[in-house]
Amino acid sequence: MVSPAALSLILTTFAQGPERNRALAVWGAIAGAGGAIGLLLGGLIVQVLTWRWVFFINVPIGAVVLALAPRVVPESRAASARQGGYDVEGAVAITLGTIALVFTLIKADGWGWTSGRTLGGFAVAAALIIAFVVIERRHKDPLVPLRIFSNRSLAAADATMLVVAAALFGVFFFCTLYLQQVLGYSALKTGIAYLPLSLTIIAASALASRAVNRFTPKPVLVAGLLISTVGFVLLTRVSGHDDYSSHVLPAMFVLGSGLGLSFVPITISATNGVAAGDSGLASGLLNTTQQVGGSLGLAILSSVSTSRVTSALHGGSSLPAALTHGFTGAFTVAAVFCAIGVVVALVLLPGRRRKPDAEHVEAIAMSFARCPGAPYCGHLAHVVAFGRRVRAAATRS
């Protein structure tokens, strides 16, 4: 609930264009910094206290935010109240459908991919998701108005986020297990080992903001995903023999660069051309696809890893070697997911250069008007007036 609300505040506070891009870059950099602090403190808390404290530590942080938000964030309300009531049916259908899909993916390896329970689970998930689409088309005030997906940029960005999150969440999980179970790192040392990744994401996010303003989101996103794919491929080369500096660390630098370049253009693309009234919906969809993609990806990668570990153990491999064999399989699937993200972004994401916004039009016109020959160029007055009318119309809309 908090994450899409916070993102929608950025979208409604900053105008689309360079100003919003900078704000989203700060958003991405803070997320990276939060990741760095969370991983480090998480390792410290687990090692010094117990793992239960990683949940308790959120209570005082939440209390501080709860106390400050009413003073810092201005109140705002929708111009019109909801007329159709809350879409309970749609919420229940999509929630149960997602749960059924993730649960079946997790159990499929144990049940057997062609077993009746697995096929039945997938059938139930498909039926619930189809029911959700039908409900949204008929409901007076749907949870997710399907018209929002007519925005090609939003739809393509959400699809890309789905597969990128599937790759990223799994890698965090399996890389942590590799560092602790195979290389023997403590919880604190594992947190420190992630610092290069987090700090690189922060630096790359700042670079992404400038790159998007110059090249538009699509080429920056494609470049970032290609770099991320290389990072995932590098992780498939881990050997299980004290190879953090030789294999894991280079992969983290590459992954951090690619992911930092990817998150800012994905967020910009997912919110481009979205009306202020739909900013919360767009933010919620982006966060939902991230969480659902992460859940599905972790379920798929876990199934692949478990199967390979079991096979290696039956083949006589030692436990560290079997775990490494399973983890490299998960990293390989993650690289495939990221490569799919490249294809989705290339094919679906609009590549046209953004039209200048209203302030840019007026600024160009005014620069012409200040030239020495302006008194002899009567048409420039019309250009200036046109720019001002465009700006006024944009403000009203």
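Remarks
- Close pairs (7 angstrom Cβ cut-off, 6 or more residues apart or separate chains): in the same structural domain as Gly191 (by TED's automatic domain parsing) in region 16-41, among the charged types (D, E, K, R) anywhere: Gln16/Asp357; Gly17/Asp357
- Meets criteria (surrounded by 11 or more Cβ atoms within 10 Å (Cβ to Cβ), hydrophobic (A, V, I, L, M, F, W, C) and under 19 Å from Gly293 (Cα atoms)) for Ile148: no
- Region 160-185 residues that are assigned by TED's automatic domain parsing to the domain that holds Val336 and farther than 17 Å from Val344 by Cα, paired with ones that are among the β-branched types (Val, Ile, Thr) and buried (at least 24 other Cβ atoms within 10 Å of the Cβ) (beta carbon under 9 Å, 6 or more apart): Tyr178/Thr324; Val182/Thr324
- Those residues of region 217-234 which are in contact (Cβ under 8 Å) with a residue 40 or more places away in the chain and either under 23 Å from Arg152 (Cβ atoms) or in contact with a Cys (Cβ under 8 Å, 6 or more places away or on another chain) (or both), in sequence order: Pro217, Lys218, Pro219, Val220, Leu221, Val222, Gly224, Leu225, Leu226, Ser228, Thr229, Phe232
- Ala204 touching a Pro at 6+ places or on another chain (Cβ under 9 Å), assigned by TED's automatic domain parsing to the domain that holds Thr160 and touching a residue at least 40 places away in the same chain (Cβ under 8 Å): no
- Pick from region 65-81, criterion loosely packed, with under 10 Cβ neighbours inside 10 Å and not small (Gly, Ala, Ser), ranking: modelled with the lowest pLDDT: Arg77
- Scope region 87-105; condition of a type outside the set (Gly, Ala, Ser), touching a residue at least 24 places away in the same chain (Cβ under 8 Å) and farther than 19 Å from Ile300 by Cα; matching residues: Asp87, Glu89, Ile94
- Candidate set from region 249-292 (those that are of a type in the set (Gly, Ala, Ser) and closer than 25 Å to Ala193 by Cα); member that is nearest to the chain's Cα centre (by Cα): Ser262
- Here Pro250 meets each of (1) surrounded by fewer than 19 Cβ atoms within 10 Å (Cβ to Cβ); (2) assigned to a helix (DSSP H, G or I); (3) at pLDDT below 90 with one exception, condition (3).
The values are calculated or read from the model by the stated rules, or taken from the named source; none is laboratory data. The structure displayed is predicted, hence computed values, not measured ones. Neighbour counts are summed over all protein chains in view; Cβ atoms, including those assigned to glycine, are modelled from backbone coordinates with ideal geometry.
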